[in-house]
Amino acid sequence: MNLEMEIVRHQINKEFILKKTEELLLAEEAQKELPPNTDAHQIDHDWLFKWADMAKEVSNDEIQWLWAKVLAGELKQPGKYSLRLLSILSSLRKSDAENFESFANYV
């Protein structure tokens, strides 16, 4: 029963992040900010599986938005984010993520 609850929690986390990713991409499309040659089929499947494996553990809303931004960026420009970045992102706490987002917006 515990394993089933964990699987459900992981699925819910991924679905929330995917919904946030969709919102980001739709907003960019509405603002005409998506590149014209966006092809999500070019995304590296191994990268996507690693992303999903790490993102499933995130239940904090603000951290989920970071994961959504990373996925949206990777879908727009395959190869933009490395596996190393995913690894770093997976170890962030909420306070770390806030600092990281501030830094990323500055840069």
For the chain, take the longest principal axis of its alpha carbons; what is the angle in degrees between that and the long axis of helix 61-76, to the nearest 10 within 0 to 90? 40
Going through the stretch 1-95, which trypsin sites (Lys or Arg not before Pro) have at most 14 other Cβ atoms within 10 Å and a DSSP loop state? Lys32, Lys80, Arg93
Say R0 is 35 Å: what FRET efficiency, to the nearest 0.05, do His45 and Glu101 get from their beta-carbon distance? 0.80
May I ask for the angle, rounded to the nearest 10°, between helix 94-106 and the longest principal axis of the chain, with both axes built from Cα atoms and the value confined to 0 to 90°? 10
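Since every read-out is calculated from the coordinates, none of them should be taken as a lab result. Please read all numbers here as calculations on a predicted model, not as lab measurements. Positions of Cβ are generated from backbone atoms using ideal geometry, with glycine treated the same way; all protein chains shown enter the neighbour counts.
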